[in-house]
1. Of the candidates 12, 24, 50, which one comes out as most mobile in a Gaussian network treatment of the chain with C-alpha springs shorter than 10 Å?
2. On a C-alpha basis, how far is the centre of segment 35-72 from the centre of segment 1-32 in Å? Whole number, if you could?
3. Under unit Cβ charges (Lys, Arg +1; Asp, Glu -1), what dipole magnitude, rounded to 20 debye, does segment 5-70 have relative to its Cα centre?
4. Mind checking which of 58, 17, 46 has the largest fluctuation in a GNM of the chain, springs on alpha carbons under 10 Å?
5. Relative contact order for segment 5-70: what is it in percent, counting Cα pairs under 8 Å that are at least 6 residues apart?
6. For residue 52, list the lysines whose Cα falls under 22 Å from its own Cα; do not include residues on the same chain fewer than 8 positions away.
7. Could you identify which residue out of 43, 32, 16 has the top mean-square fluctuation in a GNM of the chain using Cα springs shorter than 10 Å?
8. With a ≥ b ≥ c taken as the square roots of the eigenvalues of the C-alpha gyration tensor of segment 1-56, please select rounded if a/c is under 1.5 and otherwise prolate if a/b is larger than b/c or oblate if it is not?
Amino acid sequence: MCWCIPGKIEDIEGSLAVVDISGIKKKVMLDLLSDPLIGDYVLVHAGYAIQKVNEEDANFTLDFFKGMLKNA
């Protein structure tokens with residue numbers, strides 16, 4: 001099974017982006033996306049942004065992960 005986590009694109013330089021994932025900044029590759037923009041929410045897996053998602057879905061997933069950590 002694969003897990004990916006949503007984050008918000010904060011900066012783009014060529015095919016590399018800085019993505020904010022719950023306050024953690026990660027550099028990810030954008031090669032798999034068409035027309036990524038600063039402010040877009042994306043799913044990140046293995047160092048790549050693999051899909052755009054809307055903000056509501058991103059926040060729902062992040063809240064789910066936070067809830068799992070509280071119950072661990």
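Where a number appears in this text, it was derived from the coordinates with a stated rule and is not lab data. No experiment lies behind these values; they were computed from the predicted model shown. Neighbour counts are summed over all protein chains in view; Cβ atoms, including those assigned to glycine, are modelled from backbone coordinates with ideal geometry.
1. Comparing 12, 24, 50 in a Gaussian network model of the chain, the most mobile one is 24.
2. 9
3. That gives segment 5-70 a dipole magnitude of about 360 debye.
4. Most flexible of the set in this elastic network: 46.
5. 30
6. Partners within reach: 8, 25, 26, 27, 66.
7. 32
8. Judged from the Cα gyration tensor, segment 1-56 comes out rounded (a/c under 1.5).
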